[in-house]
Amino acid sequence: MSNFDNNPVVQGIDLIALAAQFGTPLYVYDGSVIRRQVQTLRDVFSGTDLRIKFACKANTNLAILRLMRELGVGLDVVSLQEFKLAEMAGFTAGEVTYTPSGADFAEIAEAIEAGLTLNADSIPLLRWFGERFGSSKPCMIRLKPNVAAGGNAKIMTAHAESKFGISVLLMDEILEVVRQYDIKITGLHQHTGSDIKDAEPFLQVAEVVFNAAANFPDLEVIDLGGGFKVSYRPDDAVTDMQLLGRKISDRFNEFCQSYGRKLNLWVEPGKFLVSECGTLLVKTTVVKEDPAKTFAHVDSGLNHLIRPMMYGSYHHILNLSNPAGDLKLYNVVGYICETDNFAEDRMLNEIRPGDVLAFKNAGAYGFSMSSNYNSRFRPAEVLIDGGVARLVRRRETLEDLVATQTGF
Ligand code: LLP
């Protein structure tokens, strides 16, 4: 089944029936897609000692994390809280890498004490690490390679003006701190950005990291981050994973030879592993024929899937209830008191009140970026795996909304 056909059935389970059973809005994840994506990564990097670290900020549902663990996939976490969730899903610190961005040093200390290896992303943090831990704990460095790539400016993380990582131009300063405190640097890391289609930027940043590696004799790991592009539109060009895997593997193996030791290659995808597995099911509340536009309102909004509003991202939409209906032009909009357009001027099969719509590619940065804006409840989540649909997060209730409020 392609990611874009009109078939409303996942592993034999009818999505409209699922929407009726669990209600809408509903996030639905197809475990078989995650299994397929993991296998693809392993296949294309089979020439290296690859470790996959799922960037779990994309989706922290415990059932998804458990599935990753079952598949032998590690995690990249960015906060102590993500690590606590990882532990609940059965991960140990050794299976998790820790890449905080500008986090409080007290949180970082707690994470290191819990056994995580820090990916240091600033010189002050590296110095703090040295003063506090010296050579008693391993440390990795997140480099900023000064390469601009990514689907839009907001999701580029390696260009010269990005806040992320330590610029490779500061190598002298990095080395001074490392020597001063005798820090054992066991890994170099970089993450270029998200939605990167071409192999070229990945190869470019890999060269920057390989060059930097000559300065660090104790390396065990090179982590090249994530960012592989998947198709959000039916006609999207995506990363040629075969080509990328072959080129990176060849260069990595060459590099290991010149380095004199075999290292682990880590990659850290989020979208590649979970974007396509997820669908957000919503129900049409009202269809408004306005002189300017026809608005199809749905029982969801930027509080549940913010990507279209935040990045102008495209999510393919299907009208599951009327797949043979006449094509008409719609603005698909949410129920939030903001301009929350999911799609503008989109040709869709005629939408009627009550119709169930499917927003594709909602598995990455969907629920994990959701909120309670307008005091709306966040959706329930269902995982379909082994042909069985399982509720893996219940819908919120009013009690959840007020659970943390005090003193009123
Ligand atoms: N590693 C690090 C350190 C990251 O910061 C990220 C994503 C990844 C890996 C995974 O990138 P991916 O493979 O998912 O492209 N919310 C945005 C994407 C922001 C990505 C942030 N960092 C979106 O929905 O497009």
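A short reminder: the numbers here are calculations on the coordinates, not readings from a lab. Given the structure is predicted, the values throughout are model-derived calculations rather than measurements. When we count neighbours, we look across all protein chains shown, and the Cβ atoms used for this are built from the backbone with ideal geometry, even at glycine.
Rounded, prolate or oblate: which fits the stretch 32-130, taking a ≥ b ≥ c as square roots of the Cα gyration tensor eigenvalues, rounded meaning a/c under 1.5, else prolate when a/b beats b/c?
Values: a/c = 2.52, a/b = 1.68, b/c = 1.50.
Prolate, since a/c reaches 1.5 and a/b exceeds b/c.
List the relative contact order of the stretch 32-274 as a percent without decimals, with contacts defined as Cα pairs under 8 Å and 6+ residues apart.
Across the stretch 32-274, relative contact order equals 22 percent.
Given the stretch 101-247, what count of lysine pairs have C-alpha atoms under 28 Å apart, with each pair 8 or more places apart or on different chains?
Counting lysine pairs in the stretch 101-247 gives 18.
In the chain, what % of DSSP beta bridges are antiparallel (nearest 5)?
So the antiparallel bridges amount to about 45 percent of the total.
Does anything in the stretch 323-340 have its amide N under 11 Å from the 7 Å Cα→Cβ label point of Phe295, and if so which residues?
Answer for the stretch 323-340: 331-340.
Measuring from label point to label point, each 7 Å out along Cα→Cβ, what is the Asn6 to Ala214 span in nm?
Output for this residue pair reads 6.0 nm.
Placing unit charges on C-beta atoms (Lys and Arg positive, Asp and Glu negative, everything else neutral), compute the dipole magnitude of the stretch 32-274 about its Cα centre in debye, rounded to 20. Don't jump to the answer; show the numbers that get you there.
Working: 27 positive and 31 negative charges, 109 e Å.
The dipole of the stretch 32-274 has a size of about 520 debye.
What list of ³J(HN,Hα) values in whole Hz, one per residue of the stretch 379-384 in order, does the Karplus curve 6.51 cos²θ - 1.76 cosθ + 1.60 (θ = phi - 60°) give from phi, with Gly and Pro shown as x?
Working through the residues one at a time gives x, 7, 10, 10, 10, 9 Hz.
Give me P(r) over the chain, computed from all C-alpha to C-alpha distances, binned every 10 Å, as integer percentages.
Distribution as computed: 5, 22, 30, 24, 14, 6, 1, 0 percent.
Can you give the FRET efficiency for Asp236 and Glu200, using 1/(1 + (r/R0)^6), R0 = 25 Å, r = Cβ-Cβ distance, to the nearest 0.05?
E between Asp236 and Glu200, to the nearest 0.05, is 0.90.
Could you run the Karplus curve 6.51 cos²θ - 1.76 cosθ + 1.60 with θ = phi - 60° over the stretch 366-373 and give me ³J(HN,Hα) per residue in whole Hz, x for Gly and Pro?
Those phi angles translate into x, 4, 5, 9, 7, 8, 9, 3 Hz.
Apply the Karplus curve 6.51 cos²θ - 1.76 cosθ + 1.60, θ = phi - 60°, to the phi angles in the stretch 79-90 and return the couplings in whole Hz, x for Gly and Pro.
8, 4, 5, 4, 5, 4, 5, 4, 4, 4, 8, x
Using R₀ = 22 Å, calculate the FRET efficiency as 1/(1 + (r/R₀)^6) where r is the Cβ-Cβ separation of Arg42 and Asn264; round to 0.05.
Calculated value: 0.95.
Once you place label points 7 Å from the Cα toward the Cβ at Asp250 and Arg35, how far apart are they in nm?
Label at Asp250, label at Arg35, 3.3 nm between them.
When only Cα pairs under 8 Å and 6 or more residues apart are kept, what is the percent relative contact order across the chain?
It comes to 20 percent, rounded to a whole number.
Lysines near Lys288 by alpha-carbon distance under 21 Å, same-chain residues fewer than 8 away left out - which ones?
List returned: Lys328.
Just the number, please: percent antiparallel of the DSSP beta bridges in the stretch 32-274, rounded to the nearest 5.
5 percent
Under the 0.36 nm per residue contour assumption, what length would be gained going from the current alpha-carbon distance of Gln21 and Asp345 to full extension?
Numbers: separation 324, 0.36 × 324 = 116.64 nm, distance 3.11 nm.
Between Gln21 and Asp345, full extension yields 113.5 nm more.
Quick check on the chain: helices-only [θ] at 222 nm, where DSSP H runs of length 4 and up contribute -39,500 (n - 2.57) each and the sum goes over total residues. Nearest 500, please.
That comes out to -8500 deg cm²/dmol.
For the chain, set up a GNM with springs between Cα atoms under 10 Å and report which of Thr239, Thr339, Thr99 has the largest fluctuation.
In this elastic network of the chain, the residue with the biggest mean-square fluctuation among Thr239, Thr339, Thr99 is Thr339.
Please order Trp266, Trp128 by the number of other Cβ within 10 Å, starting at the fewest.
Placing the least packed residue first, the sequence is Trp128, Trp266.
For the Cα atoms of the chain, what angle does the longest principal axis make with the long axis of helix 241-259, in degrees from 0 to 90, nearest 10?
Once rounded, one gets 10 degrees.
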